[in-house]
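K.L.:
The structure follows.
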Amino acid sequence: MKAMAIVPGTGGSRMIERPEPAITQPDEVKLRVLDVGVCGTDREELAGGRAQAPDGQRELVIGHEMLGQVVGTGSAVARVQVGDFAVFTVRRGCGRCASCAMGRSDMCQTGAYRERGIKGLDGYQAEYVVDRERYAVRAPAALASIGVLVEPLSIVEKALDEALRLQVVRRPDAATEPDWLVGRRCLVAGLGPVGLLGAMVLALRGAEVYGLDVVDAESARPRWLSVVGGRYIDGREVPADRVQAAVGPMEMIIEAAGVAALEFNLLDALALNGVYVLTGVPGGSRPLTIPGAQLVRQLVLGNQVMLGSVNAARGHFQMAVDDLERAGARWDGHVQRLITRYPVAQF
Ligand code: BGC
């Protein structure tokens, strides 16, 4: 079968031939790959950045955002059947720590985890893939054309889940209001797929959503944002340190830009007792000058949380499936417009 591979540490990608994987264990699931997303991590890998081939291999098959259709199951598989749509999660546990043993390799404590298409395991840019049932999440037929967004949305679900849980523990008002997000001013920074999906989920939960980027208000991403009810802030006109004065303080910020300077500047937009989750992974090693004492003073005196969040557990994938289905029904046809399709031949 055909697969798309890189040699970690070098630039570019190539189409290679690989043997078609087969089911060898009773708990395995085989998928025919339908769609694979390309995200910032893939672009970093293609540019020679962070990526690791499986042991004893020079090449790494890339791709970690996927949608497939079940074409085979081992005798013990109960969660999916042939014909179902499904996605595989990304991370595989280290086999040594408590988090991984509990199915929460997204919180691995040793760092010795592997990730399909990124770190030590081949990914999903291939015609067929096989993995264990516990890593498969079923997607309803309604997600046939948008299910490839489940993985990026799982990142948002984890970030939001962590932020909300923290607020429930810390804030008396959040602990007593089940719909705490309703009407709360929330900011998403960086309107790539993760940012836009973040805006979508916050809108589904009833928040007052703002999205910050540095593109023209009339361009595709701000327009997509406005359809889900988000208001666009052009960061060239209203930089991060002026957002609070222009729009008001943000109760929650989800950062998905991966620009280190912006990641710090956004603290200026955060409300008292607010929570700020970073999901973007900045590249490069250019040093950055920040007013350290002032930032720490603000965090402490403002009861603020700044939190890094990566990867997602199976439960977050399930939340993503459920929210995508709700979003697909609420904004009919709109979610699909997040996706630009390229045939494999144009890899
Ligand atoms: C993926 C995560 C992964 C992270 C770090 C992201 O692009 O969505 O699943 O954990 O990269 O490798």
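K.L.:
For region 43-80, how many residues are among the polar types (S, T, N, Q) and touching a Ser or Thr at 6+ places or on another chain (Cβ under 7 Å)?
P.N.:
Total satisfying the criteria: 0.
K.L.:
Let me ask something else. State which residue is surrounded by the fewest Cβ atoms within 10 Å (Cβ to Cβ) when the search covers only region 44-65 and only residues that are near the ligand (Cβ under 10 Å from one of its atoms) and not in a strand (DSSP E or B).
P.N.:
Across region 44-65, the extreme among qualifying residues is Arg50.
K.L.:
Suppose the filter is among the hydroxyl-bearing types (Ser, Thr, Tyr) and away from the ligand (no atom under 16 Å from the Cβ); does Ser75 pass it?
P.N.:
Here the answer is yes, as Ser75 does meet what is asked.
K.L.:
Which of the residues that make up region 239-286 are aliphatic (A, V, I, L, M) and without any contact (Cβ under 8 Å) to a residue 40 or more places away in the chain?
P.N.:
Ala245, Ala246, Ala260, Ala261, Leu267, Leu270, Leu272, Leu278
K.L.:
Among the residues of region 139-161, is any buried (at least 19 other Cβ atoms within 10 Å of the Cβ) and in contact with a Lys or Arg (Cβ under 7 Å, 6 or more places away or on another chain)?
P.N.:
no
K.L.:
Out of (1) under 19 Å from Val80 (Cα atoms); (2) hydrophobic (A, V, I, L, M, F, W, C); (3) within 16 Å of the ligand (Cβ to nearest atom), what's the single condition that is false for Ile146?
P.N.:
With respect to (1) under 19 Å from Val80 (Cα atoms); (2) hydrophobic (A, V, I, L, M, F, W, C); (3) within 16 Å of the ligand (Cβ to nearest atom), Ile146 is out only on (3).
K.L.:
So, in region 307-337, exactly how many residues are at negative phi and surrounded by 19 or more Cβ atoms within 10 Å (Cβ to Cβ)?
P.N.:
Residues that pass the stated criteria total 13.
K.L.:
Of the residues that sit in region 1-39 and are within 26 Å of Gly192 (Cβ to Cβ) and of a type in the set (Ser, Thr, Tyr), which one is nearest to the chain's Cα centre (by Cα)?
P.N.:
Ranking the qualifying residues of region 1-39, first place goes to Ser13.
K.L.:
Given the structure, is Leu288 more than 16 Å from the ligand (Cβ to nearest atom), more than 27 Å from Gln109 (Cα to Cα) and crowded, with 16+ Cβ neighbours inside 10 Å?
P.N.:
Judged against the criteria, Leu288 is not a match.
Since every read-out is calculated from the coordinates, none of them should be taken as a lab result. It should be emphasised that the depicted structure is a prediction, and the values quoted were computed from it without experimental measurement. A quick note on method: Cβ atoms are made from the backbone with ideal geometry, for glycine too, and the neighbour counts reach across all protein chains shown.
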